[in-house]
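The values are calculated or read from the model by the stated rules, or taken from the named source; none is laboratory data. All of these numbers come straight from a predicted model, not from anything done at the bench. Here the Cβ is made from the backbone with ideal geometry for all residues, glycine too, and neighbour counts use every protein chain on show. For the accessible areas, the whole protein counts, side chains as well, though only heavy atoms, and no ligand, DNA or RNA atoms are used. Shrake-Rupley method; radii C 1.70, N 1.55, O 1.52, S 1.80 Å.
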Amino acid sequence: MTAIDRQVYTGRWARLIPIAFITYSLAYVDRANYSFGAAGGMATDLHITPEAGSLLGALFFLGYFFFQVPAAYYAQKYSAKNLIFWSLILWGIFAAATGLLTDIRMLYVDRFMLGVMESVVLPGMLIFLSHWFTKAERSRANTFLILGNPITVLWMSIVSGYLVQAFGWRGMFIIEGAPPILWAFVWRRMVEDWPAQAKWLDPAERAPLEQKLEEEQRAFAPVKNYAAAFRTPSVIILAMQYFCWSIGVYGFVIWLPSMLKTGSGLSIVSVGWLAAGPYLAAAVLMVATSYFSDRQGERKVFVWPYLLIGAIAFYGSYLLGSSNYWLSYALLVLAGGAMYAPYGPYFAWIAEMLPRNVAGGAIALINCCGALGSFVGSYVVGWLNGVTGTSSASFAFMAIALLAGGLLTLTLHRPARVSGPVLDAAGH
């Protein structure tokens, strides 16, 4: 590693990756703590039926669906920095409001709007990182961003259990809704959209970085606009695949505490500790997977096997039913880790299929379909748990979804590459 390489590494990675990680982490607190509120007395206090609870848990993802593509367009053409700043403030307000409302109709609106405000985060952050990290680094950069998901759910599962015990479910929502508002001002001060705007970056570091990023754009076949990108077979298949994948992930994330508590007799604090297990496995697997994916320059082979492993683990839990709680729990740990492991290579893969001017929009479209899958997963899993009184049917449902996602991934081929003109920062 040259002196410049070391400077670039310590400069960009040490400054930007922790900021990206914390920002995405805060988003996951407010989308995953609903199940702790429900298990901690919210459903009883507000007389929420299982069907209404499923809809409340899922409405977040319906709101999350609508603004992905506009957010990506704004982030690429104007500023990811400003987009995420305002999103942090507004989602913090809606997250805290969950603990203040007493009318279920207002809760429906609140959960929907929380999804709208957080919908800009992933496309905005992935576009932001693509301005700062090269192809050889991108899987790891994306992984450290998305590690905010399992790491946050890991500690949030423990802390939320204690907060519910100490302050009630209302206090939990209010306390966990405040940090994004405060963090917005840290984000605004610490980041810039492009290396050229960063006064803290040494010019000796900036020039080779910008040159490398621009050189990478020459390899792409030109794609005129979002409409053309959305019609490409790879984007269509990836959208279908991410829909299926997200059914499993968010059926799991939203309802894991409730599934662990059902029939176990465990306290909410004990459930919180158990719920952390799958996310610890996920964090370890995500880091290892992204490292080897970047090292080998491969993406596909680091995605589909994990989805099939997750499907097998869920099916094993389905076969066990309630006959062996701890073995079923071990399979859930395996399923959770396997579902999260491919995220870094996956989003790096999308960015490597299309030029910069449309890659953000493609990521947003695929994430839109993921949001619909998340809605379906969180609603159907909650509904199945409520109707059957057990988790067995929902395990089978998530297994089928992950199997479909894995098989769709296998149909994808390496995209064609040609030489072409270098695109500027705006994608022209």
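Roughly how many Å² is the accessible area per residue of the chain, as a whole number, for a 1.4 Å probe?
38
Can you list the lysines whose alpha carbon is less than 20 Å from that of residue 300, not counting same-chain residues fewer than 8 positions off?
135
Kindly provide the helix-only [θ] at 222 nm of the chain, computed as the sum of -39,500 (n - 2.57) over DSSP H runs of four or more divided by all residues, to the nearest 500 deg cm²/dmol?
My calculation for the chain gives -25000 deg cm²/dmol from helical runs alone.
Taking 8 Å as the Cα distance limit and 6 or more residues as the minimum spacing, I'd like the relative contact order of region 215-354 as a percentage.
Reported as a whole number, the value is 32 percent.
Taking +1 at the Cβ of each Lys and Arg and -1 at the Cβ of each Asp and Glu, which of 112, 143, 98 sits farthest along the dipole of region 1-144 towards its positive end, judged by Cα position relative to the Cα centre?
143
Three principal axis extents, largest first, for the C-alpha atoms of region 12-97, in Å?
On the principal axes, region 12-97 reaches 47, 28, 18 Å in Cα extent.
If you plug each phi of region 399-412 into the Karplus form 6.51 cos²θ - 1.76 cosθ + 1.60 with θ = phi - 60°, what whole-Hz ³J(HN,Hα) values come out, in order, with x for Gly and Pro?
After applying 6.51 cos²θ - 1.76 cosθ + 1.60, I find 4, 4, 5, 5, 4, 4, x, x, 5, 5, 4, 5, 7, 7 Hz.
At a temperature of 20 °C and a viscosity of 1.002 mPa s, determine how fast region 176-295 diffuses translationally according to Stokes-Einstein, using the Kirkwood radius over alpha-carbon pairs as Rh; express D in µm²/s, rounded to the nearest whole number.
Translational diffusion coefficient: 107 µm²/s.
Collect residues whose amide H, placed 1.01 Å from N in the peptide plane, falls under 5 Å from the amide H of residue 389; neighbours closer than 5 in sequence don't count.
Sorted by chain and number, the residues that satisfy this come to none at all.
Counting only protein heavy atoms and a 1.4 Å probe, tell me what percentage of region 257-334's accessible area is made up of carbon and sulfur.
Its accessible area is 69 percent carbon and sulfur atoms.
Under the classification rounded if a/c is under 1.5, otherwise prolate if a/b is larger than b/c and oblate if not, where does region 111-255 fall, given a ≥ b ≥ c as square roots of the Cα gyration tensor eigenvalues?
Here region 111-255 falls in the oblate category.
When a/c reaches 1.5 or more, the comparison of a/b and b/c decides; with that in mind, is region 57-116 rounded, prolate or oblate per its Cα gyration tensor?
Since a/c reaches 1.5 but b/c is at least a/b, the shape of region 57-116 is classed as oblate.
Working with all protein chains in place, sort 218, 105 by solvent-accessible area computed with a 1.4 Å probe, largest first.
From most accessible down to least: 105, 218.
What translational diffusion coefficient, to the nearest whole µm²/s, does the chain have by Stokes-Einstein, given a Kirkwood radius computed over alpha-carbon pairs, a temperature of 25 °C and 0.890 mPa s viscosity?
The estimated diffusion coefficient comes to 113 µm²/s.
Using θ = phi - 60° and the Karplus relation 6.51 cos²θ - 1.76 cosθ + 1.60, list the HN-Hα couplings for region 104-113 in order, rounded to whole Hz, with x at every Gly or Pro.
With the stated coefficients, region 104-113 comes to 4, 5, 5, 5, 4, 5, 4, 5, 5, 5 Hz.
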